[in-house]
Every structure is written in structure tokens, then in C-alpha cells.
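Colleague: For reference, the structure I am asking about is given below.
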Amino acid sequence: MTGASDTPDIPGSPGTERAGRRARTDHADHADRTDRADRQVRAVRIGPRSAAALGIVSAVGVAAFGWPLLADSASGLAHSGDAPWLFAALLPLLLAVAVAAVADTGLDAKAVAMLGVLAAAGAALRPLGAGTAGLEPMFFLMVLSGRVLGPGFGFVLGAVSMFASALLTGGVGPWLPFQMLSMGWVAMGAGLLPGPHGLRGRRELALLAAYGAVASVLYGVVMNLQGWPFISGLASGISHVPGDPLEVKLAKFTAYVLATSLGWDLPRALLTVVLTLTVGGTVLRALRRATRRAAFGAPAAFTGAPFARSEGGNAES
């Protein structure tokens, strides 16, 4: 006699229909869990206080970078040789306040651990190409990390990574706060790009590659604004002269960028594009998998001693 378990499922039979329904339900549940997990990858939630801190430090940063162009020729700031040093002293304090505000609203132990790993990786990547035609693979990692982990985490990661790399390479100086703020902007901007949940595949890589190229060039431009006033007084047609009108300043600054840093900015942008298009998909999947497993925002739950109970022992013994 043949058992019921040996009877094959006939197409259209109740058993086949139940199996099909179970398979469809399991597939829908898996897709729903994957979608929910993919939407919960923000390691830091930006609240009103942290958003205000980021806005203030960004506004002061714009003034710190752009004062040579924005200050009127008749103002005392334009003719003050202490202005670059004033902003260099002010920015670290504001950066500390912004980072503390962001950390206070969402950096738990898991986020701090991931921040340490990514910041160490970024700091290690920077010396690999720094000084060699501007090839800096650090930008590639900052853009992808900001995309996956969000703008708040991206800002903190960019600033901390630049600080750690400066300690590693000995590049500590009055330019460091400006570098930290600029890299924070780069990673934060990647977290603000459209389609964080629905855009995937080649279109997402193309978006990140284009953003990385633009951000790499703009990073060099704003850092030139920081260093340009220090060469004032030189007998050169590209030096900063406080009393020049705005159009003359813009022309001189453009010549300064072309003569000094464009040869570094363009290779940096090209390397960021190449790395994003070649290995960006793998890195994005790894980052998203890590954030799903970390389950940021999930409350920690402590249970009893299941081992002692399962063995029949007494937890108090």
C-alpha cells in the first residue's frame, strides 16, 4: 500500500495550490522584510537640535571660506591679517559642538563602532594617493558611506576621518578644521541625494559617480579659498588683494585655481568615478548588509540566563 506521503502532487490539486500559496507568501514576507530592513539603515536620526547645529556650523563655514570674496573692500575684516586665524580657531569649536549634537541624538554603541571602522578605513586610504597627482581614494569611501548611512552620520564620519588621517600623516595645521568641514560636507551631501530607498543598480552608481566627481572638484576649490589669502602681498597677478573689486577677485581666484590645484582636483574626481563604477556596487551591498545586521535604532533587550534554566540548574547557585 502506498502511503499518502508518497502520493505526488497533481497540478490543480489542493496540495499544489497550498504549496503555491505558501511559496508566494514566503516570497512576499521576505521581500517585505528586505524592504523594511533597507529602509532602516540610517545610523543617525537628525533631530531639530542636531539640524540647527549643522546649519550653524555650515553657515560659519561658508563665511570662513568665502570671506575673501564676500567681505567689502572697506570693511575691517577684508584688511585684517588675523581673519584666517580667527576662523581657524573658531571652526574647531563649532565642529565639536555639531559633532556632539549629532552624537547626542543618535550615535549608540553600534553606530560608534561602525564610525570607528569606517573612519579608520578612510584615514588609511588617504595616504595611499595623497601627493600623487591628487589621487585620493578616501573620497570614494566617504561618498558611499554617506549614501548608505545618511547625512548625519556622513558629516560626523567625514570630519572624524579627516582628523584621523591628519594625525596619521602629520598634516595638522590651521587648514585642518577647513578640511574636516569640507569632508563632512562631502559625505553629508551624499546622504542627501535623491532616491535613498528606491534607486538601485546602475542608475544609483551613475548618480554617485557624478556626485563624487563634482564633490571632488568643489573640495579643491573651497580649500583653495582657505589658502588663497595667505599668499597676499606676493608680486603675482593671482594673489589676494583685499581692496580689489569682486570681479577682479573672481578673475584672480580662477587663475589661482587653474595654476595651483586643478591638476590635482581632476585626477581625484576621475579616480572617484572609476572606483564608484567598478567596485561601488560591492561596497554598497556590504555597507547595507552591515547596517541591516546592526539594526540601528532597535532597543536593546536583556534576557535571563537560559543556559542555567535549560540545564536544570539554579541561576543563584
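The values are calculated or read from the model by the stated rules, or taken from the named source; none is laboratory data. Owing to the predicted nature of the structure, the values given are computational and were not obtained by experimental measurement. Cβ placement follows ideal geometry from the backbone for every residue including glycine, while neighbour counts extend to all protein chains displayed. Calculation scope for accessible area: heavy atoms of the full protein, side chains included, ligands and nucleic acids excluded. Shrake-Rupley method; radii C 1.70, N 1.55, O 1.52, S 1.80 Å.
Colleague: With a 1.4 Å probe and every protein chain kept in, tell me what percent of the accessible surface of the stretch 169-265 is carbon plus sulfur.
Modeller: Solvent-exposed carbon and sulfur of the stretch 169-265 make up 72 percent of the total.
Colleague: Which of the peptides 138-144, 270-276, 163-169 is most tightly packed, and how do the rest follow, going by the mean number of other Cβ atoms within 10 Å of each residue?
Modeller: So the order, starting with the most tightly packed, is 138-144, 270-276, 163-169.
Colleague: Working with all protein chains in place, sort D244, D265 by solvent-accessible area computed with a 1.4 Å probe, largest first. Walk me through the intermediate numbers first.
Modeller: Numbers: D244 30, D265 0 Å².
Heavy-atom accessible area, descending, gives D244, D265.
Colleague: Relative contact order of the stretch 141-289, please, whole-number percent, based on alpha carbon pairs below 8 angstrom and at least 6 residues apart. Working shown, then result.
Modeller: Details: 174 pairs, mean separation 39.8, N = 149.
RCO, the stretch 141-289: 27 percent.
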